[in-house]
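Below is one structure, written out as structure tokens; comments come after it.
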Amino acid sequence: MSADNELRAPATFKAFVEKFPALGAAHESVAQAVDRAGPLDAKTCALIKMGICIGAGLESALRSHVRRASHHGASPEEIEQAILLAMNTVGFPRTVAAWQWAHQQLERDRNEG
């Protein structure tokens, strides 16, 4: 697992990869290939993945990408703007939920760090 994925991976993810190591390795391989496929930096990729998570309604994945974006230098304001960009596409309720999840994650990270 890459250092970026090791960044406080959820216990469920760790348990899944432990039980199914070949699937975890395949997942990691695809993630690394995608990261190398273009010119975007890690912060930009994490912000884009946040938008994808909002559209798909994936709370846990959004929290993971909030951590990654922050780890790669995104400010809370940049994270917030990335979330707000979802409003006209996926709607007010989903955007507000994502905003709440992100703020909870940022607060959790501040308290742990």
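When a/c reaches 1.5 or more, the comparison of a/b and b/c decides; with that in mind, is the chain rounded, prolate or oblate per its Cα gyration tensor? It comes out prolate by the Cα gyration axes. Peptides 94-106, 62-74 ranked from most to least packed give 62-74, 94-106, packing being the mean of other C-beta atoms within 10 angstrom over each peptide's residues. Length gain on complete extension for the stretch Q81 to T44, per 0.36 nm per residue less the alpha carbon to alpha carbon distance? Computed gain between Q81 and T44 is 12.1 nm. Taking the number of Cβ atoms within 10 Å of each Cβ as an exposure proxy, the fewest-first ranking of C53, C45 is C45, C53. Along the axis of the charge dipole computed for segment 40-113 (Cβ charges of +1 for Lys and Arg, -1 for Asp and Glu, origin at the Cα centre), the listed residues L85, N111, L58 are led at the positive end by L58. Amide H contacts under 5 Å for R8: none, restricted to partners 5 or more places along the chain or on a different chain, H placed in the peptide plane at 1.01 Å from N. Put a plus charge on the Cβ of each Lys and Arg, a minus charge on the Cβ of each Asp and Glu, and nothing anywhere else: the dipole of segment 40-113 about its Cα centre is then about 180 debye.
Quick note: the coordinates plus some simple rules give every number you see, no bench work behind them. Computed from a prediction, not measured in an experiment: that's the story for all the values here. Please note: Cβ atoms are built from the backbone with ideal geometry, for glycine as well, and neighbour counts cover all protein chains shown.
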